[in-house]
Structures are given as structure tokens and as C-alpha cells.
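Okay, so here's the structure we're looking at.
The values are calculated or read from the model by the stated rules, or taken from the named source; none is laboratory data. Small disclaimer: the values here were computed from a predicted structure and weren't measured. All Cβ positions, even for glycine, are placed from backbone atoms using ideal geometry, and neighbour counts span all protein chains on display.
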Amino acid sequence: MALRPNFRLYLITDRRLAETNGGLLAVIERALHGAAQTAEPGSVAVQLREKDLDARELVELGSALRRVCSAYGAPMLINDRIDVAIAIGADGVHLPARSYSPGDARALLGPSRLIGVSTHTLEELAAASAADADFAVFGPVFEPISKTAYTMSTGAAGLAAACAQSSIPVFALGGISVARLGALRQAPEFRGATSFAGAAVIGAVIGSRDPAAAARELLAALKAAP
């Protein structure tokens, strides 16, 4: 049986983007502190996604980030590296679209850790839904804030179609902002999208001058979203 993620805001790391804002650990701590002022513990999850680091560097950074997340009751997942997730006691892994199958990851991680999957098409989302993933990130919905999109953005209609067909929670990724979450709320095609679980962001928080306020505002917008 799939686990049900309780978070609404899925914060994905980018340590280079955070360099001019006090460093990654400081930015994540500020974001989680801001979220804790207005939301219940666990409303934000963090994915450590630093693909260019080797295993030792990931374990060192992940262990430090794990302590920050634990202080705020925030689930922490590791991008792709199941070995690192096990080594530091992370709450789960996030699998890129062409990574391990969720079933193989589950065999290694056991039943109590979250498995998320990145998806870009309805076909990938259907495969994730059928393969023992706990949730999916779908996008890009809009043009990304902090990086180049790999595929064309889907807009509200594409996200609505994804949520309509998915049997697992779906997190929107790509160019997410408070204003755009408001636009999703107003989009007729998005009404009844019961699989919509929240938003995954990088630049909207990591690149913000005030990560605490950015996290608070995004959570408030998500609370009002469908």
C-alpha cells in the first residue's frame, strides 16, 4: 500500500543558487522556520538534489541537512541515491524519470519510506501510479524560475489532465509562484483535480531574498488551492 505524503510544499535544493543568500543550510533553515510560524509540522518536505556531488559529499551535506529538517519535523528525501538515503536515515528517495523503478527502490528501502517520481508526460505519470510510487512531481507546468525546462510547459490544462488520471498525489513543478497558484485556483479545468497535492519549488524559495516569507506565502496559497 502506498504511503500518503502529508506535506504540501516540496522544496528542492540548489546549493549554487543559495550561495549568495547565506548558503544552502541557512536558506533551508530560514524557509522551514518561516513555514513553522503558520503551518503544521511536516507541511514542507525537502529533497536534496545536488547531482554533481559524490557519495561522500552527499552524505556529509545530507547529514547536516537532515539535522535541520528534523528540528522542524520536515521529511527529507534524497534525489536518486538510494544508498545515501539509507546511509543517513532519510525519509525516502526521489527518482528521476529514467532512474530505478519504484518497485526496485521499495525492495531496498522497505515499506516505511517515501518514494517520489519525476514525471513529464501522462504516460510517465501512469507508469509511476502503477509502479508503487507514493507520489509524483509533474512538470514543467510553467516556465521554470531557476533552470531551463527539458520539455514544453503544460499549463493549467496539462496539470489538470495529469491530476485527473493519477491515482497518487501529484505535485506541480515549474515556475510555481503565489500568483500562479491563484490562477490555478481560478482555472475551470482545474476544478475537481482531487489528486493535486501541492507544489514543488526551487527558485521560488531558494532564490528568494526572504526564504521564510516565500515559504509562508506559498503555503497560504496552497491552502487556498483546490
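Here are the numbers for the structure shown:
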{"read-out": "Test: residue in region 202-219 that is among the acidic types (D, E), closer than 22 Å to E40 by Cβ and in contact with a Pro (Cβ under 7 Å, 6 or more places away or on another chain)", "value": "no"}
{"read-out": "Selection within region 161-171 - surrounded by 23 or more Cβ atoms within 10 Å (Cβ to Cβ) and either more than 15 Å from A128 (Cβ to Cβ) or among the polar types (S, T, N, Q) (or both)", "value": "S166"}
{"read-out": "Failed item, numbered, when A133 is tested on (1) part of a loop (DSSP other than H, G, I, E, B); (2) in contact (Cβ under 8 Å) with a residue 12 or more places away in the chain; (3) surrounded by fewer than 15 Cβ atoms within 10 Å (Cβ to Cβ)", "value": "(3)"}
{"read-out": "Those residues of region 94-130 which are among the polar types (S, T, N, Q) and not in a strand (DSSP E or B), in sequence order", "value": "S99, S101, S112, T121, S129"}
{"read-out": "Filter result (surrounded by fewer than 21 Cβ atoms within 10 Å (Cβ to Cβ) and either over 15 Å from R4 (Cα atoms) or touching a residue at least 60 places away in the same chain (Cβ under 8 Å) (or both)) within region 89-109", "value": "G89, P96, A97, R98, S99, Y100, S101, G103, D104, A107, L108, L109"}
{"read-out": "Region 14-53 - residue that is surrounded by fewer than 22 Cβ atoms within 10 Å (Cβ to Cβ) and among the β-branched types (V, I, T) and, of those, nearest to R81 (Cα to Cα)", "value": "T20"}
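Yes/no matrix, rows are residues, columns are (1) of a type in the set (S, T, Y); (2) under 19 Å from E124 (Cβ atoms); (3) at pLDDT below 90; (4) under 15 Å from the mean Cα position of the chain (by Cα):
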position: C163; (1), (2), (3), (4): no, yes, no, no
position: S167; (1), (2), (3), (4): yes, yes, no, no
position: F171; (1), (2), (3), (4): no, yes, no, yes
position: G174; (1), (2), (3), (4): no, yes, no, yes
position: S177; (1), (2), (3), (4): yes, no, no, yes
position: A183; (1), (2), (3), (4): no, no, yes, no
position: P188; (1), (2), (3), (4): no, no, yes, no
position: G192; (1), (2), (3), (4): no, no, yes, no
position: A199; (1), (2), (3), (4): no, yes, no, yes
